[in-house]
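Q: Please read through the structure below; I'll follow up with questions.
The values are calculated or read from the model by the stated rules, or taken from the named source; none is laboratory data. Since we're looking at a predicted model, the values are computed, not measured. Cβ placement follows ideal geometry from the backbone for every residue including glycine, while neighbour counts extend to all protein chains displayed.
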Amino acid sequence: MKPIFLLSKRCSKPLIVFGVLIFSLQIGWSQRTVSGTVTDADTKEPLIGVSILAKGTSTGTITDYDGRYSLDVPEDVNVLEYSYTGYGRQEVQVDGQSVINVSLSSGAILDEVVVIGYGTQKKADVTGAISRFEAESLEERPISRVDQALVGQLAGVRVQQTSGTPGAGFRVQIRGTGSINANNQPLYVVDGFPLEVSEQNGSGDFTSGNPLDNINPNDIASIEVLKDAAAAAIYGSRASNGVVLITTKTGKTGKAKISLNASYGWNETAKKLDILNAEEWIDRASEMIDDSWEASGADRSRNQTSAERLAILGSFNRGLIKDERWAMPGHPGLMFIDWQDEMFRKGAVQNYSLSASGGNEYVQYYVSGDYLDSEGIAIGLGYKQYSARANVEVNASNKLKLGINIAPSYSIASDPGVEGKDQQMHITVGMVPVSEDTIGLDVNVGENDIYTWGNSRSSPVRVVENSIGDRKIFRTIGTVYAQYSIIEGLNFRTSFNLDNVDQNTKSYTPAWVTRNRTAEGRYSGYRRQVFVNENTLSLNKTFGGVHNLAAIVGTSYNTTKFDNFDIRVSGGFNSEVITTLNAANINAGSTFTRETKNTLVSYFGRLQYNLKDRYLLTASIRRDGSSRFGPETKWGVFPSVSAGWRISEEAFMQDVDFISSLKVRGSWGISGNNGIGDYSHVSILDFDNYSFGGSLAPGQVPSNFANPNLSWEESETIDIGLDFGLFNNRIFASFDYYTKRNTDLLLNIPVPTAIGFSSALTNIGEVLNKGWEVELSTRNLTGKLSWNTSINFSHNSNEVIQLGPENTPILGGAFDIPHNILMVGQPMYSIYVVQQIGILTQADVDGGAPLYGNQAEGDPKYFDANGDGVISPDDRILSGHPNPDYIWGITNSFSFKGFDLSFLLQGQWGGKIYSTYGRAMDRTGQGFTDNTLGFHRDRWRSPENPGAGDRGKASSSFGRIKNTDWLYHNDYWRIRNITLGYNLGSLVKNKLISGARIYATAENYFGKDKYAGGFNPEAVNNSGDDYGAFPLAKSIIFGLNVTF
Amino acid sequence: MLSACEDDLNLTPISDAGSNGFYNNADDFEQAVSGIYASFGVQNNADYPSLYVIMDESRSDNIYAPGQSGVRDWNAINNFLTSISTLGTIKNVWNVTFNGIMRANTVLDQLIEKKGVIEDPNLSVRFEAEAKFLRAYFYFDLVKWFGKVPIFDTFVTPTEALSIGRSSVAEVYDLIISDLEFAINNLPESYGGADKGRATSLAAKGILARVYLTRSGPKLHPDGPCLSTNEYQQALDLLNDIIGSQKFSMADDFSAIFDYDNEGNSEIVWDLQFIGGGIGAGGYFPTEYYDEGWARINLPFPGGNPGDGSKRVSEDLLNSYEEGDLRVEPTFLIGYVGDSGDNIDAKFYDKFMNTTKAGGDRFDWSLNYPVLRFTDVLMLKAECILQGASGNQSEVDDIVNAVRDRAGLGMVSNVTLETLMEERRREFAGENLRWDDLVRTGMVIDVMNNYITNEDNSGKMLQVSNNSIIYPIPQDQLDVKEGLYQQNPGYL
């Protein structure tokens, strides 16, 4: 690590002081050994992994698979602390005992400690809205990303799998979306290191990398999500979309625990799209060709054979002449193909990880190595990841701790280009399911022609088999820190953090599988370096036995450098065997390197006070300065305050037995959003070149209307919460109601484009998000058979309050006419289309029903919303919104003897998806040369045979208008995970092995959605819509976990 | 504590020039002026000439493109639909031309602001004249397409723009004429090789002649480009200046005019510059004409008109050629064999096509686009004479016969305005002049409606009225501020 090179020289000076701190080591405490068993107070079952600590030291251990432990206790210690997640902490006097058996009672959830920004806090004392996710069982799930692990786990946190391609980042929305043009993704903080925020582009890609790329889920101990401003505002100008705190595993003092986890299984597509099969396609094509033939001249009848038609025409025309073999028994010479079946496959998934953790009073460590290899669900797809982590903390003296966390990782995501418009999955679904049997799958590749009645695409199977699309990421996240205890309760901490990501993407398609037989290639990539230095001074003190005070002040310096390059090819390669670009004709006009940089300087502080552990008050403030804003607006201040009352601690509550805990809390705060790009306030010139006399003439032109007054988006959150536990906390619930008002939105407001620009970035818009969240966890059975349930359920609605100065609605959506709208009083990006209300009958047409163009009988019937007698774009009306109203997740876990079973059910409802994929697969008047959605088997065929009433006739010529036929509910439910495990326990126990467990996991295996128009109801890949999503994977794996 | 670090908050872009540190010397200004010309290059997947293909040629009786499903912008434009104010093309045309004007205004503003940083005063004046020529060029197109438009003769902020409405056509012409006169007085007649393609005084005269001719046309639309001003003599004088300069002559071989290896030939009074080689300075307009299906077989890259909306040349145009007209072969491609083996009954322009000169992609054609040909200058002269400017019938007949002779056709006499226009149609087919010709001569309504009656089997085309002479203002511009602009009559 060489973090210093990113720092300006001036900045590094005050911080070097820690380099000269003297190590003072104390060695040689005498010890005695204490052993025993820890059990559940209710069930008497042994508890595995209970943490035991010699109080006041870092000496400790954890219990094994039989709940046993053994600890060498330093002589000067007389108290052992027993703690276990979900159970009450217990302290026991040693008093010379050598065997101490302890039973812990569950239910003391409130003693849990949660991670907050710049510190930790007892859950009981939390006054902001924080959700916690225990990541214990992640290593048994076949997932490659941390964001994937969050799906369905936390109230108010919508984790949207927008892409099915391997390794792709997820979209995470905390309490809805509040920004229109700036970033909507949360800030991720790994072990105190805030990573650079990044936003998806319109194609659903994180072009500058996703902060969670390559981070190994198996290394994660817990994840906290800070949802309201009171919890998040300590992160200031990056906190308005919430903050996700990720804590990685650390070592605990005691004997080394070595854990080996191996799993193997298979994945395959979770969904096949319902499209016409070969017979159905032939039926439709025949109908269309016969219709055209009859209409092409007098005395032409659909009964005439192909030969007769050819004789009449004199030359072949596929629009008028059918393939005679379609109607022949056994269709000789033709091959029927289910292209989806040819494309999809069952891919092997394997994951091996080895970790060791432990420590003594001087050093604690956690080291791990992990290898994941997941073959994709389609040919050519795959994901491999190699990662390692070392978290080491050294107690240099009683006062000084030094630590280093370092995690190098390397991943290769292979994707020959399957997702999105005109990509191979789109092509696969659209291919005509018929081919010459002499050609088979080799349609339009090499010397082969297209199938005469098919489209001009090249066989997608051959394309993916022979193309390269490898995205490689090498990333190292490193933190070094020192913590010095100045006096008891007063600590100084400094950290230096560097995140270095090198990404490169190589793509290549050989000439013989392209339509124009010209090889295609591209090589692009970036290096992103984030450097952060943070210094904090924290105080923890109790005064007079009742005043508990915690305070922290700090500074932060944060800089990000992003360098990228792109080398593109035009005009093919000069070699048929070389895939690197030295053999290619480079397109100089679109080849470049670019660099950008941003800097954030911050000061922050927080005060937490509680009186008698029942009256709680927290206030925080952060002042951020960012290079992204102009001189007048560089600095922003983000305050928050929150308060809580633990009613259950009051004397008058002590007799209410069934209430074990009860707390009300409220918060207010302002956080910001600086996710607008690095130089938006600067007036910039673009290159735009011309030529004179046959030579290039470089040109520079103004490219933006610079607004020097650009400033932060602000988000003001009010949150009211209630936490309560009943029946000895066997039922524990949290309820939150919030409003989040995002103001000064950075809006590209429409301006008269006669000024030369079509929009001007201005702080003007306002969006209001409102919602409520419930988290409920219950322990339904606690006997030999135990059963726990946790449920999260949340509702969010958003509303545009203000747009530009004139509140002019902003229309959006690609292709034809816009189909979504930002409009005051409506949810963001409301869908705005014409309504289909059935199929036109001849009586409708004769009776003067409103028509779009030359619509005729059998065409769709549309609603004339403005009543002007014709159908036009003016008949578009509001038709739903993309964000779901409700998201929910339910986890049930059972254990019986050595068996355990858990499943996670998760879903959403109330939102819509507008599928521009319909333009390719489901358009009115679509020809027969592309396949079409299954809806069309129930199309209108005649007045006597009108079909299901939602798709019109095949031979239609009126064109198309954006309407409800491409609109679907994006509701779904999925069983995201089922894990069945068996603890081999004593069966395998010997000197070498201390425990073993086998398990089987089904990931994303069952589910249902209402999206018949595409693969993935959460897809985003084309200007915010779905145009050719790749399906999600489902998998089953079997694993073994052994500890030594 | 971090005060030193706070200095790091003042960052300037690394890979982009900020405008603050620019316009400081002749080189900067040269790049800024080149940037105005670059408005003619590819932006938003279209170059400037390809806007003419959709807005002018596809509107005229030369192209029949009703569209199978009617979804392409040019289908709606070809069909004279009244709901076209939301089309991307209409929006793009408005934005690109005004963006070009902003680029010119920026140069003109900075020339005043940074007066003296260009040491050579002649160069400074030339830059000003080039910027004014280009501003006038864009405004002339705007007037022809939209009629009344807002006048911006300096850089304007968004707030200021909210109170600048549309000026009358006459006022816009005042700016155009004064800009072109400045260009005529301050630009050289020609340039050496390295500057070939820059605006010249003779090009300015040619454009100004077109302005006078257009203004003189009958005022069929209250806000249209024709004001019945009868300035044919002014136009003629300018055209005679060009002819008298002896810099140009008619090429002997019609097809050689559009030869990729013969750019800047004697016919070319002014052309837009394109070069290939994948360096971002290529052209797109040849792509506008051909079929996607044809390109799959004949070009190494995809592109072209998709099957649902080909821009086919009209039967009416094809039938207008006499037997043996040598211009037919270089102008049109008649039919090809598709990749499914069908004979595709396609007829489209291939005047600007040479498959052996294909660049890296469809935006990389290297052929210059002829804005003003010498043959056009001569025929405009004939038009001026027929419209009453000084001159006689034999001058008119000689011009037309020179054109016909080159086309391998026999001589004619007593050429009328109608027959002159027919000859122009054949000569300039695919060069996007037809619609302007029809509007300028007032023939547009009759000619178009006759044509539609005869040509349109699809029934998709509406009849043409005076309202069709100009286009609607883009709907999104009407929405910016209620009442700032009013929609042109006849449009939704």
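Q: Here is a check on your reading of the model: is B:F182 touching a Lys or Arg at 6+ places or on another chain (Cβ under 9 Å), away from chain A (no Cβ under 12 Å) and buried (at least 18 other Cβ atoms within 10 Å of the Cβ)? I'd like the intermediate steps shown before the answer.
A: Details: touching a Lys or Arg at 6+ places or on another chain (Cβ under 9 Å): yes; away from chain A (no Cβ under 12 Å): yes; buried (at least 18 other Cβ atoms within 10 Å of the Cβ): yes.
Against the criterion (touching a Lys or Arg at 6+ places or on another chain (Cβ under 9 Å), away from chain A (no Cβ under 12 Å) and buried (at least 18 other Cβ atoms within 10 Å of the Cβ)), B:F182 qualifies.
Q: So the check is Cβ under 6 Å with 6+ separation or different chains; which pairs have a first residue in the stretch B:34-51 that's within 8 Å of chain A (Cβ to nearest Cβ) and a second one that's part of a strand (DSSP E or B) and of a type outside the set (F, W, Y)?
A: B:S34/A:A697; B:G35/A:Q700; B:G35/A:V701; B:F40/B:L272
Q: Consider A:K541 carefully, then state whether it is surrounded by fewer than 21 Cβ atoms within 10 Å (Cβ to Cβ), touching a Leu at 6+ places or on another chain (Cβ under 8 Å) and within 14 Å of chain B (Cβ to nearest Cβ). Explain how you work it out, then say what you get.
A: Details: surrounded by fewer than 21 Cβ atoms within 10 Å (Cβ to Cβ): yes; touching a Leu at 6+ places or on another chain (Cβ under 8 Å): yes; within 14 Å of chain B (Cβ to nearest Cβ): no.
Taking the combined requirement at face value, the residue does not satisfy it.
Q: Considering only residues that are surrounded by 23 or more Cβ atoms within 10 Å (Cβ to Cβ) and either part of a helix (DSSP H, G or I) or among the β-branched types (V, I, T) (or both), which ones fall in the stretch A:392-426?
A: Scanning the stretch A:392-426 gives A:V418, A:Q424, A:M425, A:H426.
Q: With the stretch B:196-315 as the region, which helices (runs of 4 or more DSSP H) entirely inside it contain at least 1 residues that are within 14 Å of another protein chain (Cβ to nearest Cβ) and farther than 23 Å from B:F133 by Cα?
A: It comes to B:292-298.
Q: Of the numbered conditions (1) surrounded by fewer than 23 Cβ atoms within 10 Å (Cβ to Cβ); (2) at the interface with another protein chain (Cβ under 10 Å from one of its Cβ atoms); (3) in a helix (DSSP H, G or I), B:I77 satisfies every one except a single condition; which is it?
A: B:I77 satisfies all of (1) surrounded by fewer than 23 Cβ atoms within 10 Å (Cβ to Cβ); (2) at the interface with another protein chain (Cβ under 10 Å from one of its Cβ atoms); (3) in a helix (DSSP H, G or I) except (2).
Q: At least 3 residues that are in contact with a Gly (Cβ under 6 Å, 6 or more places away or on another chain) in each: list the strands (runs of 3 or more DSSP E) lying fully within the stretch A:956-1024 that qualify.
A: Working: elements: A:967-969, A:972-983, A:995-1009.
Filter on the stretch A:956-1024 gives A:972-983.
Q: Among the residues of the stretch A:303-337, which ones are of a type in the set (V, I, T) and within 20 Å of A:G440 (Cα to Cα)?
A: Step one: of the stretch A:303-337, the residues of a type in the set (V, I, T) are A:305, A:312, A:321, A:337.
Result: A:I337, single match.
Q: Same structure, new question: Given (1) buried (at least 21 other Cβ atoms within 10 Å of the Cβ); (2) under 18 Å from B:P286 (Cα atoms); (3) of a type in the set (S, T, N, Q); (4) facing chain A (nearest Cβ under 10 Å), where does B:T89 come up short, assuming only one miss?
A: Failing condition for B:T89: (4).
Q: If you check A:L878 against the conditions, is it in contact (Cβ under 8 Å) with a residue 60 or more places away in the chain and more than 14 Å from every other protein chain (Cβ to nearest Cβ)? Break it down stepwise before answering.
A: Values: in contact (Cβ under 8 Å) with a residue 60 or more places away in the chain: no; more than 14 Å from every other protein chain (Cβ to nearest Cβ): yes.
Here the answer is no, as A:L878 does not meet what is asked.
Q: Please verify whether A:F1015 is surrounded by 18 or more Cβ atoms within 10 Å (Cβ to Cβ), touching a helix residue (DSSP H, G or I) at 6+ places or on another chain (Cβ under 6 Å) and on the phi < 0 side of the Ramachandran plot, treating the condition exactly as stated. Quick ask: steps written out before the conclusion?
A: Working: surrounded by 18 or more Cβ atoms within 10 Å (Cβ to Cβ): yes; touching a helix residue (DSSP H, G or I) at 6+ places or on another chain (Cβ under 6 Å): no; on the phi < 0 side of the Ramachandran plot: yes.
No: the conditions fail for A:F1015.
Q: Across the stretch B:52-74, what is the total count of residues that are away from chain A (no Cβ under 14 Å) and closer than 19 Å to B:P306 by Cβ? Break it down into steps so the answer makes sense when it comes.
A: The first filter runs over the stretch B:52-74 and keeps only residues away from chain A (no Cβ under 14 Å), leaving B:52-64.
Those left that are additionally closer than 19 Å to B:P306 by Cβ: B:53-54, B:57-58, B:63-64.
Total satisfying the criteria: 6.
Q: Please enumerate the residues belonging to the stretch A:640-655 that are of a type in the set (S, T, N, Q) and either under 35 Å from the mean Cα position of the chain (by Cα) or not assigned by TED's automatic domain parsing to the domain that holds A:E716 (or both). Talk me through it step by step, then tell me what you get.
A: Going through the stretch A:640-655, the residues of a type in the set (S, T, N, Q) turn out to be A:640, A:642, A:648, A:654.
Of everything in the stretch A:640-655, those that are of a type in the set (S, T, N, Q) and either under 35 Å from the mean Cα position of the chain (by Cα) or not assigned by TED's automatic domain parsing to the domain that holds A:E716 (or both) turn out to be A:S640, A:S642.
Conditions (1) within 14 Å of chain B (Cβ to nearest Cβ); (2) in a strand (DSSP E or B); (3) closer than 30 Å to A:G178 by Cα; (4) under 44 Å from the mean Cα position of the chain (by Cα), marked per residue:
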{"site": "A:Y832", "(1), (2), (3), (4)": "yes, yes, yes, yes"}
{"site": "A:I837", "(1), (2), (3), (4)": "no, yes, no, yes"}
{"site": "A:D844", "(1), (2), (3), (4)": "no, no, no, no"}
{"site": "A:G848", "(1), (2), (3), (4)": "no, no, no, no"}
{"site": "A:Q855", "(1), (2), (3), (4)": "yes, no, no, yes"}
{"site": "A:G858", "(1), (2), (3), (4)": "no, no, no, yes"}
{"site": "A:K861", "(1), (2), (3), (4)": "no, yes, no, yes"}
{"site": "A:N883", "(1), (2), (3), (4)": "no, no, yes, yes"}
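Q: Could you check, for the stretch A:584-602, whether at least one of its residues is more than 14 Å from every other protein chain (Cβ to nearest Cβ) and surrounded by fewer than 20 Cβ atoms within 10 Å (Cβ to Cβ)? Can you show your working first?
A: Of the residues in the stretch A:584-602, the ones more than 14 Å from every other protein chain (Cβ to nearest Cβ) are none.
No - not one qualifying residue is present in the stretch A:584-602.
Q: Right, next: Can you find, within the stretch A:170-182, the residue that is farthest from A:H795 (Cα to Cα) among those that are in contact with a Gly (Cβ under 8 Å, 6 or more places away or on another chain) and in a loop (DSSP other than H, G, I, E, B)?
A: Here the residue is A:A182.
Q: Filter the stretch B:296-307 for residues that are surrounded by fewer than 19 Cβ atoms within 10 Å (Cβ to Cβ) and within 15 Å of B:N78 (Cα to Cα) and give the result.
A: Selection gives nothing.
Q: Can you tell me which residue within the stretch A:791-822, out of those that are within 14 Å of chain B (Cβ to nearest Cβ) and more than 16 Å from A:N748 (Cβ to Cβ), is surrounded by the fewest Cβ atoms within 10 Å (Cβ to Cβ)?
A: Kept after step one, since they are within 14 Å of chain B (Cβ to nearest Cβ), are these residues of the stretch A:791-822: A:803-819, A:821-822.
From what is left, the residues that are more than 16 Å from A:N748 (Cβ to Cβ) are A:814-817, A:819.
Values: A:A814: 15, A:F815: 18, A:D816: 19, A:I817: 19, A:H819: 26.
Result: A:A814.
Q: Just for the stretch B:433-463: of the residues that are within 21 Å of B:L213 (Cβ to Cβ) and assigned to a loop (DSSP other than H, G, I, E, B), which one is nearest to the other protein chains (Cβ to nearest Cβ)?
A: Applying the first criterion (within 21 Å of B:L213 (Cβ to Cβ)) to the stretch B:433-463 yields B:433-448.
From what's left, assigned to a loop (DSSP other than H, G, I, E, B): B:433, B:441-443.
Numbers: B:L433: 23, B:T441: 30, B:G442: 29, B:M443: 29 Å.
The selected residue is B:L433.
Q: Within the stretch A:758-786, take every residue that is in contact with a strand residue (DSSP E or B) (Cβ under 8 Å, 6 or more places away or on another chain) and part of a loop (DSSP other than H, G, I, E, B) and give me the one that is surrounded by the most Cβ atoms within 10 Å (Cβ to Cβ). Before the answer, list the steps.
A: To start, the set of residues in the stretch A:758-786 that are in contact with a strand residue (DSSP E or B) (Cβ under 8 Å, 6 or more places away or on another chain) comprises A:758-782, A:784-786.
Pick out the ones that are also part of a loop (DSSP other than H, G, I, E, B) and you get A:758, A:784.
Numbers: A:S758: 20, A:K784: 11.
Checking each candidate, the answer is A:S758.
Q: Further question on the same structure: In this structure, does A:R951 turn out to be closer than 30 Å to B:N75 by Cα, buried (at least 22 other Cβ atoms within 10 Å of the Cβ) and among the charged types (D, E, K, R)? I'd like the intermediate steps shown before the answer.
A: Working: closer than 30 Å to B:N75 by Cα: yes; buried (at least 22 other Cβ atoms within 10 Å of the Cβ): yes; among the charged types (D, E, K, R): yes.
Taking the combined requirement at face value, the residue satisfies it.
Q: If you take the residues in the stretch A:378-391 that are within 19 Å of A:S459 (Cβ to Cβ) and of a type in the set (A, V, I, L, M, F, W, C), which one is surrounded by the fewest Cβ atoms within 10 Å (Cβ to Cβ)? Spell out how you get there, then give the answer.
A: In the first step, residues of the stretch A:378-391 are kept if they are within 19 Å of A:S459 (Cβ to Cβ); the result is A:378-381.
From what's left, of a type in the set (A, V, I, L, M, F, W, C): A:378-379, A:381.
On the way: A:A378: 30, A:I379: 21, A:L381: 28.
Top of the filtered list is A:I379.
Q: Looking at A:Y615 and the list (1) facing chain B (nearest Cβ under 9 Å); (2) surrounded by fewer than 16 Cβ atoms within 10 Å (Cβ to Cβ), which single condition is not satisfied?
A: Exception for A:Y615: condition (1).
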